[in-house]
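Okay, so here's the structure we're looking at.
The values are calculated or read from the model by the stated rules, or taken from the named source; none is laboratory data. On a predicted model such as this, the values are computed, not experimentally measured, just so you know. We place every Cβ from the backbone using ideal geometry, glycine too, and count neighbours over all the protein chains shown. Side chains are part of the model used for accessible areas, which takes the heavy atoms of the whole protein and leaves out ligands, DNA and RNA. Shrake-Rupley method; radii C 1.70, N 1.55, O 1.52, S 1.80 Å.
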Amino acid sequence: DSNELVPVINYMNENKQEDSDRLEGVAEGKNVILLSLESTQTFVVDNKLHGEELTPYFNDLKEEGIYFDNFYHQVKQGRTSDSEFLLANSMYPLNRGAVFFTHSGNEYEGLPSLLSENGYFTNVMHANDKTFWNRNVMYDSLGYDEFFSKEDYEVTPEKSHGWGYLDEYFFSDSLDKMKEMDKPFYSKMITLTNHYPFSLPEEEKFIEEGETSSGTLNRYFQTIRYQDEALKQFVEEFKQSELYDNTILVIYGDHFGISENHQEAMGEYLGKEINDYEQFQLQRVPMLIYGKSIEAEKNHTVGGQVDLRPTLTNLLGIEDSNPVQFGHDLLDKDRRELMITRDGDFASDEYVGIQGVCYDRETGEEVEADSCEPGFEAAQEELSVSDSVIYGDLLRYLDETEMVDTKGKQNKEE
Ligand code: GP9
């Protein structure tokens, strides 16, 4: 019953922090294009293969926006769909299965609903079958106004490869759609080409493949390079369009592409042994906020996908009254720097805690286990509170519980 939400609200109140509201409303009323880059990890940024940059366009673009270099994905088995869940709800996905499948019937207070209430036309653009990850069902629960899926794109065999529609065509069709859309809009675009097994048509290979002992990693370099080329075409066309004046672009990686099965090859490429600490650090994904009203800044705060929603609502100057959110605005200088993974591991400004072992975050040296105890405890508590909300479908009690809570307080005062 509705009492089940009380401990959740209490947890939220105990962990509540004053937000500095830095950069609040700088993107007020603007369109938002959210670009979810498939399997894109931070290690490719500013990195080279055969003396050539892997992401030359992104490397320059990130200098013009707010770039976060300690931003982690927080997904588990639901992969891309988990990252979507984190963004929409500022809650954690589940430890097993994909919450998009298992709990699509829950009540949510999704970011898309909030933005729709604030006059935005909210939509997702993704040129795959709409039932993949149960998106067609879950998107309704999260409150999207529209889902442009495969059937809304000019998908032909010539313009497809592997998983489907090549990014370059997906980007240009999507931009055409956005030009015609009701404004302001919130469009989340999800790319597809840089997906395992990382295969490309010959003419789209802009770099020789890698020479490590993993064919997967060797090909990944090529699909990453291709994606960067497609991104360049997209952003350049976007800058020439009328949208540019009134739109912010948020680009982030959805999850890793290279799993720990390829540690040895990754070590060959990076020139170091990939131990648990390095493997953890490889879970960083790029995150960039870019647009005319955004001043460039390099931001080293430790955060993750759970923090995207509060960051966005702050930039848009939109009041978000949903109290059940675990993220903290990435732009707030005094924010809680704690990134929790679905495995109960964490990174803070000082430490990285992995399966009971504690490391200095910056040097990767192992330190006394005690130093990480508070982090591990916080991680366990936060994950279990988040899980309780999903398993109990507790957001359906939100209105009632806020009432109960106020009443409780009044009673005490009497
Ligand atoms: C499929 C795409 C990839 O539509 O989002 O999903 P993933 O396998 O990365 O979760």
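Brief remarks on what is shown
- The set of residues in the range 71-100 being within 16 Å of the ligand (Cβ to nearest atom), outside any helix (DSSP H, G or I) and touching a strand residue (DSSP E or B) at 6+ places or on another chain (Cβ under 9 Å) consists of His73, Gln74.
- Candidate set: the range 1-11, residues that are part of a helix (DSSP H, G or I), open to solvent by 70 Å² or more (accessible area, probe 1.4 Å) and of a type outside the set (S, T, N, Q); chosen: the one modelled with the lowest pLDDT: Glu4
- When the residues of the range 12-70 are filtered to those that are assigned to a helix (DSSP H, G or I) and within 29 Å of Leu398 (Cβ to Cβ), the one that is nearest to the ligand (Cβ to nearest atom) is Met12.
- Residues of the range 137-165 that are more than 14 Å from the ligand (Cβ to nearest atom), within 16 Å of Ser116 (Cβ to Cβ) and in contact (Cβ under 8 Å) with a residue 24 or more places away in the chain: Ser141, Leu142, Gly143, Tyr144, Asp145, Glu146.
- For the range 186-225, the set of residues classified as of a type in the set (A, V, I, L, M) and closer than 28 Å to Val124 by Cα consists of Met189, Ile190, Leu192, Leu200, Ile224, listed by residue number.
- If the condition is being under 13 Å from Met266 (Cα atoms) and either in contact with a strand residue (DSSP E or B) (Cβ under 7 Å, 6 or more places away or on another chain) or free of Cβ contacts under 8 Å to residues at least 24 places away in the same chain (or both), then the range 219-234 contributes Arg219, Phe221.
For (1) assigned to a loop (DSSP other than H, G, I, E, B); (2) at pLDDT 95 or above; (3) within 14 Å of the ligand (Cβ to nearest atom), each residue gets a yes or a no:
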site: Ser172; (1), (2), (3): no, yes, no
site: Ser199; (1), (2), (3): yes, yes, no
site: Glu208; (1), (2), (3): yes, yes, no
site: Leu217; (1), (2), (3): no, yes, no
site: Tyr220; (1), (2), (3): no, yes, yes
site: Glu229; (1), (2), (3): no, yes, no
site: Gln233; (1), (2), (3): no, yes, no
site: Ile248; (1), (2), (3): no, yes, no
site: Phe256; (1), (2), (3): yes, yes, yes
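- Per-region count, the range 101-136, residues outside any loop (DSSP other than H, G, I, E, B) and either out of contact with any helix residue (DSSP H, G or I) (no Cβ under 8 Å at 6 or more places or on another chain) or in contact (Cβ under 8 Å) with a residue 60 or more places away in the chain (or both): 14
- Identity of the residue in the range 115-134, surrounded by fewer than 18 Cβ atoms within 10 Å (Cβ to Cβ) and hydroxyl-bearing (Ser, Thr, Tyr), that ends up nearest to the ligand (Cβ to nearest atom): Thr131
- Taking the listed residues Glu319, Glu237, Glu211, the one that is over 25 Å from Tyr196 (Cα atoms), surrounded by fewer than 21 Cβ atoms within 10 Å (Cβ to Cβ) and free of Cβ contacts under 8 Å to residues at least 40 places away in the same chain is Glu319, with no other qualifying.
- On inspection, Ile294 qualifies as in a loop (DSSP other than H, G, I, E, B), away from the ligand (no atom under 16 Å from the Cβ) and open to solvent by less than 20 Å² (accessible area, probe 1.4 Å).
- Neighbours by Cβ (under 7 Å, 6+ apart or cross-chain): first from the range 81-95, open to solvent by 10 Å² or more (accessible area, probe 1.4 Å); second within 13 Å of the ligand (Cβ to nearest atom): Asn95/Lys76
- Only one entry in Leu288, Leu231, Leu270, Leu249 is within 30 Å of Gly353 (Cα to Cα) and under 23 Å from the mean Cα position of the chain (by Cα), namely Leu288.
- Members of the range 292-336 found to be farther than 24 Å from Leu282 by Cα and acidic (Asp, Glu), listed by number: Glu295, Glu319, Asp320, Asp332, Asp334
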